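A short write-up of the structure that comes next.
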Number of protein chains: 2
Amino acid sequence: MIHKTVPFPSRLKQPISPFLRTDPVVHARNQHRWEGPLDEVSLSRYERDGFLWFEGFFNQERMLPFFEELKEMANDEKLNKSGRVIHDPNTGEIRSVFGMHELSENFSRLTRDPRILGMVRQLLGSEVYIHQSRINDKYGFEGSGFDWHSDFETWHAEDGMPRMRAVSASLMLTDNNEFNGPLMLIPGSHHYFVPCLGETPDLNWRESLKAQQVGVPDRDSLAKLAERGGIEAPKGPAGSLLLFECNTLHASNTNMSPWPRSNLFFVYNSVENTLGEPYSAKRERPEHLAARENCSPLSMHDDFPELANQGVPPLQSRRVSRAKI
Amino acid sequence: MIHKTVPFPSRLKQPISPFLRTDPVVHARNQHRWEGPLDEVSLSRYERDGFLWFEGFFNQERMLPFFEELKEMANDEKLNKSGRVIHDPNTGEIRSVFGMHELSENFSRLTRDPRILGMVRQLLGSEVYIHQSRINDKYGFEGSGFDWHSDFETWHAEDGMPRMRAVSASLMLTDNNEFNGPLMLIPGSHHYFVPCLGETPDLNWRESLKAQQVGVPDRDSLAKLAERGGIEAPKGPAGSLLLFECNTLHASNTNMSPWPRSNLFFVYNSVENTLGEPYSAKRERPEHLAARENCSPLSMHDDFPELANQGVPPLQSRRVSRAKI
């Protein structure tokens, strides 16, 4: 079944011009805007650019076990044959693994890291759950790129995500430099929805995760947005973090260096934005690409549960406590 | 006919390890080393890295007429059907035009610019001629890349260039930035010759100029050299100049931006290093890829011939003059 009214029309037979989004970018309203780790400078920048970059957010040592676990997964035959692993069409090497947080307790805990979860809740203005988690791998001299696209365009068209109320956290497991195919973004592109031409083929995801054919914005729109906002490619050591809004246009080039590039992606969606019927596709995608069953709110993971609730309460609540005494 | 002894063996059936070059990098010897526009800091850097970068060498205005002339050439049907124009295998757009200096008096004068020619003569330690001239074009969102290679490897194997005594001058006709597929180089790689596997197919150049299949160094050697010297991609406005030694490994990635990238290449060879029989190919390549006929030394072009020989002579020659008086 396909919806009769589509908030963000795409996969069209006839072109429609890009239009300004109506959804907020920061969803926490009024006083709630500042209830979280991000200050107003960061919030305004996220609203303007559609992403925030934290160079060396975690130290590199903390990333090592995840990289090791990934290498183990690459040798796991059963996993490799499952639909969760996408292979490069040219080389046969692993391109993506989906559902990392369900495969591994370590990755699951990482999605619930208080610092990340605090920022994500603040940006989405609600409790959140994992819509999709994946790792994108680019081997030295090999990993092919990803064409320009908006994730939201696919999640709306193929997964029935109603509104722009999701954010991707991309955590670098290896250094990202100028030459190993880092993520590129067009700052400010998230303000526009770019309807794409071409009907969604049945079972499109079987091919689209290797090389996207539909859901690709036209070159004129891309050129205009890049002319306006430029292109940026954040670079930094393993442990760096990129938060980017679900509608920000992004891409990446081939890895022409000998240095591998592995980036982890956790997509957080608001619990008030769960999936419905796809807007422009005949059937739903599998659970590991678009969660429908496991949508309960994430709780923060505390590495030191025995110290829970340490900290100084805000001034106001302390006053209230005193008044009660 | 193929030579019996090959100074730099390549296009092999059995692998040979990379070996240190025996040829000089700066060819002007002793006192002659400093007879020219490059100072010792620049000469030493060229010897160490295998290239020199001059950001904004010419002003952008001076480049405009060349870019205009190039656009005219793109519309020249006869030229497009000639062997001088190479089209992109994926898009059909122009990828390269060869023999620019023979097609256009403007380009010819540019090859004889006193500043460029002065540096090139100093580096090669002799009079020089144009071995090959070409323009490499990358349209927005289109231009595909070039894999890692040494130009000298091809010129030796397929053109019979005896020694490493040539230098490429690459002049940017458009801005080169991080996103439109700038030239990447491995500093220091020119110190090693990397023999390549795979016999040269007959008429190889018909395919190799679209996408190189033989003459491609193995990944292990590339990784070692990049680990040692890193990778650099000089960036700057139209009018910037790159001088790079004929054996420096270089490559470029796809242009994923809307911004076109056009770079002009003039390959200067020493008149003492003219071509012989190919070392590892059955027949010679066409004249527009490897000059054999027009090898007379280039003379400097002076925009103001009526002011010829203005300037202050060196102190020594003035003393001699006085003594004569």
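Residues of region A:224-237 that are crowded, with 22+ Cβ neighbours inside 10 Å and within 22 Å of A:MET172 (Cβ to Cβ): A:ILE231 alone. Scan region B:199-219 and give yes if some residue there is within 14 Å of chain A (Cβ to nearest Cβ), in contact with a Leu (Cβ under 8 Å, 6 or more places away or on another chain) and closer than 20 Å to B:PHE19 by Cα, otherwise no. Yes, region B:199-219 has at least one match. Is region A:262-272 home to any residue that is surrounded by fewer than 20 Cβ atoms within 10 Å (Cβ to Cβ) and more than 15 Å from the chain's Cα centre (by Cα)? Looking through region A:262-272, at least one residue is surrounded by fewer than 20 Cβ atoms within 10 Å (Cβ to Cβ) and more than 15 Å from the chain's Cα centre (by Cα).
Of B:ARG121, B:ARG109, B:ARG134, all but one fail to be of a type outside the set (A, V, I, L, M, F, W, C) and part of a strand (DSSP E or B); the exception is B:ARG134. Here are the criteria: (1) of a type in the set (Phe, Trp, Tyr); (2) assigned to a strand (DSSP E or B); (3) surrounded by fewer than 23 Cβ atoms within 10 Å (Cβ to Cβ). Tell me which single one B:TRP259 does not satisfy. Of everything listed in (1) of a type in the set (Phe, Trp, Tyr); (2) assigned to a strand (DSSP E or B); (3) surrounded by fewer than 23 Cβ atoms within 10 Å (Cβ to Cβ), B:TRP259 misses just condition (2). Taking the conditions exactly as written (open to solvent by 30 Å² or more (accessible area, probe 1.4 Å), assigned to a helix (DSSP H, G or I) and of a type in the set (Asp, Glu)), does A:GLU142 satisfy them or not? Criteria not met by A:GLU142. For beta carbons closer than 6 Å, sequence separation of 6+ or different chains, a first residue in region B:68-93 that is modelled with pLDDT of 85 or more and a second that is in a strand (DSSP E or B) and charged (D, E, K, R), the qualifying pairs are B:ILE86/B:ARG95.
Scanning region A:139-166 for residues being within 11 Å of chain B (Cβ to nearest Cβ) and farther than 19 Å from A:LEU243 by Cα gives a total of 7. Whether any residue in region A:268-283 is part of a loop (DSSP other than H, G, I, E, B), modelled with pLDDT of 95 or more and aliphatic (A, V, I, L, M) is what I want to check. There is at least one residue in region A:268-283 that is part of a loop (DSSP other than H, G, I, E, B), modelled with pLDDT of 95 or more and aliphatic (A, V, I, L, M). Hey, among A:ILE130, A:ILE135, A:ILE94, which residue is closer than 22 Å to A:ASP23 by Cβ and in contact with a helix residue (DSSP H, G or I) (Cβ under 7 Å, 6 or more places away or on another chain)? Testing whether each residue is closer than 22 Å to A:ASP23 by Cβ and in contact with a helix residue (DSSP H, G or I) (Cβ under 7 Å, 6 or more places away or on another chain) leaves just A:ILE130. When the residues of region B:288-308 are filtered to those that are part of a loop (DSSP other than H, G, I, E, B) and without any contact (Cβ under 8 Å) to a residue 24 or more places away in the chain, the one that is farthest from the chain's Cα centre (by Cα) is B:ALA308.
Number of residues in region A:103-139 that are of a type in the set (A, V, I, L, M) and open to solvent by 20 Å² or more (accessible area, probe 1.4 Å): the value is 1. If you take the residues in region B:223-235 that are over 20 Å from the mean Cα position of the chain (by Cα) and either part of a loop (DSSP other than H, G, I, E, B) or not basic (Lys, Arg) (or both), which one is farthest from the other protein chains (Cβ to nearest Cβ)? Checking each candidate, the answer is B:GLY229.
Just so you know, in region A:164-219 the residues that are among the basic types (Lys, Arg) and out of contact with any strand residue (DSSP E or B) (no Cβ under 8 Å at 6 or more places or on another chain) include one that is most open to solvent (accessible area, probe 1.4 Å), and it is A:ARG206. Criterion first (under 26 Å from B:LEU222 (Cβ atoms) and modelled with pLDDT of 95 or more) does A:SER221 satisfy it? So A:SER221 fails the test. Scanning region B:167-188 for residues that are away from every other protein chain (no Cβ under 14 Å) and closer than 27 Å to B:PRO65 by Cβ gives B:VAL167, B:SER168, B:ALA169, B:SER170, B:LEU171, B:MET172, B:LEU173, B:THR174. Once region A:1-46 is narrowed to residues that are basic (Lys, Arg) and open to solvent by less than 50 Å² (accessible area, probe 1.4 Å), the residue that is nearest to the chain's Cα centre (by Cα) is A:ARG21.
The values are calculated or read from the model by the stated rules, or taken from the named source; none is laboratory data. None of the values given here were measured: they were computed from a predicted structure. Here Cβ is always computed from backbone atoms with ideal geometry, including for glycine, and neighbour counts include all displayed protein chains. Please note that ligands, DNA and RNA were not included when accessible areas were found on the heavy atoms of the full protein model with its side chains. Shrake-Rupley method; radii C 1.70, N 1.55, O 1.52, S 1.80 Å.
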